[in-house]
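Quick notes on the structure that follows.
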C-alpha cells in the first residue's frame, strides 16, 4: 500500500497533464450541469418531489447565507457564488467516497522499482491544487465585492492607512491576513478530505467490506461539514469586505 500526497497523472490532453483528481472534478461538474438541467425541466407552482428536493437545498443555503449577511439585498447579490461553492465542494467530497474511487487504477513501477497502484479517480478536494484554486477564486471575489460595495479608495484604506503609524501597521497586518486566509482556506479543506481518504484506504486495507462502512458514514458527515465551513467562512469574509468599519 502506497499513499501519494500529490494527485497522480493518468494521461494528457495535448500538452495538458490530466490527474485523477482533475478527472473526478470534471465528472462532478458534468454531473451538476445535468442535475441543474433536470431540475429546471418542469418547474411549476405545484412542485413535484424532484422540485421539492432541489428547492429544499436552495432554501437551506439561502437561509444560511441570510443568517450570516443579515441583509436580504446582499444575500440575493452574493448567494450565487456561495451556493456554487457549497454544492461543488460537497459533490466533490461525496463523489470521492464512491466505490472504486481510489481503489481502481493502473499498476505502474515507481522510481524505487516497486509496483504501485495509480487510481483512475481521486477526490478533487484531496488535491491541494484544487483547494488552492477555490481559495484564490473566493478571496479575489471577496476583494471585488468589497471594492464594488464601498468604493476603491475606501476599501484600499483598510490596508493602506497613512493617518498614523499604528493605523499603517494595522493595515499591513490586515493585508497579510488576506493572504493567510487563502492558505487557511486551502489547507483546511485539503487536509480534512485527504485525511479521510487515507483513513478509508487504511481501514479497507486492514479489514475489507464491513469495517469501512461506519467510517464511510462519518466521511459523508465530514464532507458536508467541510463544505459548510468553507461556505460560512466565505460569507463572513464577504460581510467584512462590504462594510466600511
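Points worth noting:
- Selection over segment 140-156 of residues that are surrounded by fewer than 19 Cβ atoms within 10 Å (Cβ to Cβ), in contact with a helix residue (DSSP H, G or I) (Cβ under 8 Å, 6 or more places away or on another chain) and modelled with pLDDT of 90 or more gives a count of 3.
- Residue selected from segment 231-245 under the condition touching a helix residue (DSSP H, G or I) at 6+ places or on another chain (Cβ under 6 Å) and part of a helix (DSSP H, G or I), by the criterion modelled with the lowest pLDDT: 241
- For first residues located in segment 153-182 and touching a residue at least 24 places away in the same chain (Cβ under 8 Å), partners that are outside any helix (DSSP H, G or I) and lie 6+ apart or on another chain with Cβ distances below 7 Å form the pairs 154/244.
- Restricting attention to segment 157-173 and to residues that are within 28 Å of the chain's Cα centre (by Cα) and surrounded by 14 or more Cβ atoms within 10 Å (Cβ to Cβ), the residue that is farthest from residue 78 (Cα to Cα) turns out to be 159.
- Out of 25, 44, sole residue that is in contact with a helix residue (DSSP H, G or I) (Cβ under 8 Å, 6 or more places away or on another chain) and more than 24 Å from residue 133 (Cα to Cα): 44
- Meets criteria (farther than 17 Å from residue 197 by Cα, over 19 Å from the mean Cα position of the chain (by Cα), crowded, with 16+ Cβ neighbours inside 10 Å and touching a residue at least 40 places away in the same chain (Cβ under 8 Å)) for residue 69: yes
- Pair list, Cβ < 9 Å and 6+ apart or interchain, from segment 215-242 residues that are without any contact (Cβ under 8 Å) to a residue 12 or more places away in the chain and on the phi > 0 side of the Ramachandran plot to residues that are assigned to a helix (DSSP H, G or I) and crowded, with 22+ Cβ neighbours inside 10 Å: none
- Entirely in segment 3-97, the helices (runs of 4 or more DSSP H) that have 2 or more residues that are in contact with a strand residue (DSSP E or B) (Cβ under 9 Å, 6 or more places away or on another chain): 20-39
- In summary, residue 160 fulfils each of the numbered conditions (1) part of a helix (DSSP H, G or I); (2) at pLDDT 85 or above with the single exception of condition (1).
- Boolean, residue 129 is surrounded by fewer than 20 Cβ atoms within 10 Å (Cβ to Cβ) and within 13 Å of the chain's Cα centre (by Cα): yes
The values are calculated or read from the model by the stated rules, or taken from the named source; none is laboratory data. Every value quoted in this text rests on a predicted model; they were computed, and no experiment measured them. In this analysis, Cβ positions are derived from the backbone assuming ideal geometry, glycine residues included, and neighbour counts consider all displayed protein chains.
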